[in-house]
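First up is the structure itself, then whatever we jot down about it.
The values are calculated or read from the model by the stated rules, or taken from the named source; none is laboratory data. Nothing here was measured: the structure is a model prediction, and the numbers come from that model. A quick note on method: Cβ atoms are made from the backbone with ideal geometry, for glycine too, and the neighbour counts reach across all protein chains shown.
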Amino acid sequence: MTNAVPLYVARETAARSVGVEEVLQRILEVGKERGISFDVIRTGGRGLHWAEPLVEVGAARIAYGPLEVTDVEGLFDAEFARGGDHATRLGSLNDHAWLKGQTRLVFERMGLGCATDLEAFRSLGGFGGWERACDLGPDEVLDELDASNLRGRGGAGFPAAIKWRTVKEAQADEKFIVCNADEGDAGTFSDRLLMEGDPFCLIEGMMIAARVVGAARGYIYLRSEYPLAKEILSEALEAVRQDGLLGPHFDIELRIGAGSYVCGEETAMLESLEGKRGEVRAKPPLPAHAGLFGKPTLVNNVITLASIPWIVARGGKAWAEFGHGRSRGTLPVQLGGNVKRGGLVEVPFGMTLRELVYDFGGGTLSGRPVRAIQIGGPLGTFLPENALDVPLDYEALAELGGSVGHGGVIVFDDTVDMARQARFAFDFCARESCGKCTPCRIGSVRGVEVMDKIIAGDDVNENIALIEDLCETMKEGSLCAMGGLTPQPVLAALKDFPKDFHGGFGS
Amino acid sequence: MTVWPKWDAAVARDLVVPHSNIPGGLLPALHGMQEHFGCVAQGAIDLAADVFNLSRAEVYGVVNFYDDFRKTPPEMPVLKICMAEACQAVGAEGLKRHAVDLAGGRMEIEDVFCLGNCACGPSVMAGSSVYGRVSPERLDTLVGLLEGGGE
Ligand SMILES: Cc1cc2nc3c(=O)[nH]c(=O)nc-3n(C[C@H](O)[C@H](O)[C@H](O)COP(=O)(O)O)c2cc1C
Ligand code: FES
């Protein structure tokens with residue numbers, strides 16, 4: 001295989017969903033006919049979902065995409081194996097503006113090597129954080145975490161160092177760490193991309209966490225909608241076990257969810273891990289004091305844990321040099337919905353949503369004007385186009401009533417009916433409520449009914465007042481953020497798009 | 001289209017027992033049975049209650065809570081259509097209407113909420129495969145493939 005041409009192809013859900021396997025198959029077939037052999041390297045996805053199916057060819061890794069099976073003959077005619085010119089040629093991705101404009105720290109290795117090859121991981125700097133964590137003591141690792149100001153990426157933005165310290169200081173015969181890989185928010189896929197494309201990075205983060213807090217057992221709670229991530233994580237965990245870094249001293253069990261959004265809420269997740277209905281627990285006690293099976297438990301999101309190796313290897317100060325205000329480091333933003341160039345955009349906090357939506361995203365896919373965006377998932381908020389100058393920043397978004405959440409940004413064009421979006425917010429809550437508290441369980445169902453009346457044009461003003469009351473009750477009285485934050489997108493839609501609630505949309 | 005095996009208590013027991021001594025093993029046990037039999041029916045609930053030393057009502061409560069667990073195996077190919085916000089923004093509702101018109105009686109069409117493929121929507125899932133940028137034409141092809149036993 002000495003003269004085989006390197007061919008880098010993602011083993012990743014989004015790439016597959018638009019046909020990368022078929023394109024690869026066709027390339028190998030035509031290659032055979034034409035006497036060109038390839039050395040296929042299955043990498044993580046580089047996050048350029050707009051350019052998938054995408055392949056990178058040769059030592060210079062010249063990229064071509066988006067490709068169709070019918071493009072393949074033409075690629076060979078254009079001598080793509082030598083980097084030849086073609087309508088789909090994107091050049092070297094490292095020089096491509098879409099990636100060059102990003103600051104990839106958590107995703108620094110993404111797409112560079114084979115995702116399940118431990119040697120490739122090591123040669124790209126993998127386990128650097130783990131090695132430094134072993135040199136430093138747990139307290140020094142916590143100092144780095146303090147200096148980084150890392151906040152949880154699962155949604156609530158809670159400082160990671162405080163949570164870690166609480167679990168570390170808790171006295172118990174047994175402690176656990178749980179990685180929240182339930183990634184239920186619509187418009188989010190950074191956890192999936194990381195787990196499929198750099199699973200060892202997550203495992204390294206969990207190894208460091210376990211060492212610092214003193215846990216001998218870890219769990220990854222993965223949603224069932226991610227079968228490829230399950231396959232890749234299983235391979236990666238086995239490889240690390242073979243290597244001896246996971247074993248009786250600390251091991252990680254992969255658990256699969258069963259289609260429940262609320263199981264992403266940390267206490268519902270713990271119930272589910274215990275084999276029960278995924279019902280939210282009252283807090284206190286905090287999971288850090290009494291979590292899984294009543295033991296002190298560190299629960300962190302995938303991206304939080306995957307940020308740890310970088311922070312420990314390079315130092316918390318280096319991380320905190322990026323960012324804005326009290327939001328330090330980078331955020332892997334997921335651009336989706338009606339957007340021309342969607343995918344994973346890791347940038348320092350402080351970038352405006354306008355830059356994200358237009359400079360990276362290129363505006364809408366439909367070519368129509370942007371009307372609204374949703375940020376932070378179903379428990380986040382809607383913003384109108386004229387609010388896009390807000391910087392990506394926990395506090396700045398909180399001032400608008402919203403949140404960074406898990407970093408999903410969904411773009412809508414001017415055909416979106418915001419009254420229907422408000423109805424959907426209640427409907428989703430009604431479907432997914434765990435049922436334990438009344439404001440969430442009943443309030444959401446009432447919300448759908450009242451929104452139906454508003455949409456039908458019945459007593460609109462009275463019904464809007466009812467919605468506002470209902471939102472207040474849900475906010476104040478719900479046990480967790482499911483019922484507590486569902487009102488936020490509803491109220492945002494009401495405030496910024498009042499016409500849609502007054503029969504204005506269709507007319 | 002997968003043909004699901006008939007309920008067999010001995011086979012099921014072998015699937016469940018390995019999970020019975022791991023903490024919180026009920027969910028993996030239920031998943032194991034559903035993967036094999038295509039559902040978690042009454043026999044599966046009784047068996048899990050027995051092995052895990054729980055009441056049947058408790059196991060039933062768990063099975064009922066999670067959308068993934070089915071009471072009967074699918075009789076038709078299952079097509080899950082993402083109806084979450086990012087897919088709505090690129091026409092998921094229209095796609096679903098098209099799917100129901102096209103294949104309503106021949107396929108089980110279900111809603112799902114986000115497949116993590118939000119930059120390549122509308123997205124659908126069949127078996128363990130996700131399909132993106134699903135235009136009505138692409139859906140026609142996919143339905144043909146599924147009915148031909150392609151999944
Ligand atoms: C309804 C609901 C769903 C949630 N879903 C997720 C999720 O899918 N993934 C996640 O990491 N956090 C989710 N969270 C937040 C978790 O409760 C918790 O704050 C988080 O896992 C803590 O990790 P972090 O500090 O690293 O962010 C959800 C919260 C609520 C209220
Ligand atoms: S919203 Fe449909 S895949 Fe995420």
Completion exercise
Reported set for region B:76-95 where residues are buried (at least 21 other Cβ atoms within 10 Å of the Cβ) and either more than 7 Å from chain A (Cβ to nearest Cβ) or outside any loop (DSSP other than H, G, I, E, B) (or both) is B:Pro77, B:Leu79, B:Ile81, B:Cys82, B:Met83, B:Glu85, B:Ala86, B:Cys87, B:Gln88, B:Ala92, B:Leu95
Problem - Residue check for A:Ile177: more than 14 Å from chain B (Cβ to nearest Cβ), outside any helix (DSSP H, G or I) and within 14 Å of ligand 1 (Cβ to nearest atom) - result: yes
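Just name the residue that is farthest from ligand 2 (Cβ to nearest atom) out of those in region A:474-499 that are of a type in the set (A, V, I, L, M, F, W, C) and more than 14 Å from chain B (Cβ to nearest Cβ).
Looking at the filtered set, the residue picked out is A:Leu479.
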Handout entry: Matching option when the condition is more than 16 Å from ligand 2 (Cβ to nearest atom), assigned to a helix (DSSP H, G or I) and either within 18 Å of A:Pro159 (Cβ to Cβ) or at pLDDT 95 or above (or both), among A:Pro285, A:Pro309
Key = A:Pro309
Exercise for the section: Quickly run through region A:218-257 and pick out the residues that are in a strand (DSSP E or B) and either surrounded by fewer than 17 Cβ atoms within 10 Å (Cβ to Cβ) or not small (Gly, Ala, Ser) (or both). Expected result: A:Tyr219, A:Ile220, A:Tyr221, A:Leu222, A:Gly247, A:Phe250, A:Asp251, A:Ile252, A:Glu253, A:Leu254, A:Arg255, A:Ile256
Problem - Output for region A:459-507, where each listed residue is under 28 Å from A:Gly155 (Cβ atoms), charged (D, E, K, R) and away from ligand 1 (no atom under 16 Å from the Cβ) - result: A:Glu468, A:Asp469, A:Glu472, A:Lys495, A:Asp496, A:Asp500
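Per-residue answers, yes or no, for (1) at pLDDT 95 or above; (2) assigned by TED's automatic domain parsing to the domain that holds A:Gly484; (3) more than 20 Å from A:Leu479 (Cα to Cα); (4) hydrophobic (A, V, I, L, M, F, W, C):
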| residue | (1), (2), (3), (4) |
| --- | --- |
| A:Arg423 | yes, yes, yes, no |
| A:Phe426 | yes, yes, no, yes |
| A:Ala430 | yes, yes, no, yes |
| A:Lys436 | no, yes, no, no |
| A:Arg441 | yes, yes, no, no |
| A:Ser444 | yes, yes, no, no |
| A:Glu449 | yes, yes, yes, no |
| A:Ile455 | yes, yes, yes, yes |
| A:Glu462 | yes, yes, yes, no |
Practice task
Could you tell me whether A:Glu395 is under 21 Å from A:Gly484 (Cβ atoms), outside any loop (DSSP other than H, G, I, E, B), away from chain B (no Cβ under 11 Å) and more than 23 Å from the chain's Cα centre (by Cα)?
Solution key: no
Practice task
For region A:103-112, state whether one or more residues are part of a helix (DSSP H, G or I), in contact with a Leu (Cβ under 8 Å, 6 or more places away or on another chain), within 16 Å of ligand 1 (Cβ to nearest atom) and within 30 Å of A:His406 (Cα to Cα).
Solution key: no
Exercise for the section: Scan region A:140-160 and give yes if some residue there is of a type in the set (Ser, Thr, Tyr), modelled with pLDDT of 95 or more, crowded, with 24+ Cβ neighbours inside 10 Å and within 16 Å of ligand 1 (Cβ to nearest atom), otherwise no. Expected result: yes
Fill in the blank from the handout: Those residues of region B:25-75 that are assigned to a loop (DSSP other than H, G, I, E, B), of a type in the set (Val, Ile, Thr) and over 23 Å from A:Gly435 (Cα atoms) come to a total of 1
Practice task
Might you let me know whether region B:98-112 holds any residue that is in a strand (DSSP E or B), within 16 Å of ligand 2 (Cβ to nearest atom), under 30 Å from A:Gly380 (Cα atoms) and more than 14 Å from chain A (Cβ to nearest Cβ)?
Solution key: yes
Fill in the blank from the handout: Only unsatisfied item for A:Gln374, checking (1) in a helix (DSSP H, G or I); (2) in contact with an Asp or Glu (Cβ under 7 Å, 6 or more places away or on another chain); (3) in contact (Cβ under 8 Å) with a residue 60 or more places away in the chain, is (1)
Problem - Residues within region A:288-303 that are surrounded by fewer than 24 Cβ atoms within 10 Å (Cβ to Cβ) and closer than 12 Å to A:Trp164 by Cα, tallied - result: 2
Problem - Answer residue from region A:268-280, given it is outside any loop (DSSP other than H, G, I, E, B) and within 8 Å of chain B (Cβ to nearest Cβ) and is surrounded by the fewest Cβ atoms within 10 Å (Cβ to Cβ) among those - result: A:Leu273
Handout entry: Residue satisfying all of: in region A:258-267; within 16 Å of ligand 2 (Cβ to nearest atom) and buried (at least 24 other Cβ atoms within 10 Å of the Cβ); nearest to the other protein chains (Cβ to nearest Cβ) among these
Key = A:Tyr261
Practice task
Please work out if A:Glu183 is surrounded by fewer than 24 Cβ atoms within 10 Å (Cβ to Cβ), more than 28 Å from A:Lys317 (Cβ to Cβ) and within 14 Å of another protein chain (Cβ to nearest Cβ).
Solution key: no
Exercise for the section: Restrict the check to region B:133-148 and report whether at least one residue is within 16 Å of the chain's Cα centre (by Cα) and either more than 16 Å from ligand 1 (Cβ to nearest atom) or surrounded by fewer than 24 Cβ atoms within 10 Å (Cβ to Cβ) (or both). Expected result: yes
Practice task
Assess whether A:Tyr226 counts as being facing chain B (nearest Cβ under 9 Å), over 11 Å from A:Ala306 (Cβ atoms) and of a type in the set (Ser, Thr, Tyr).
Solution key: yes
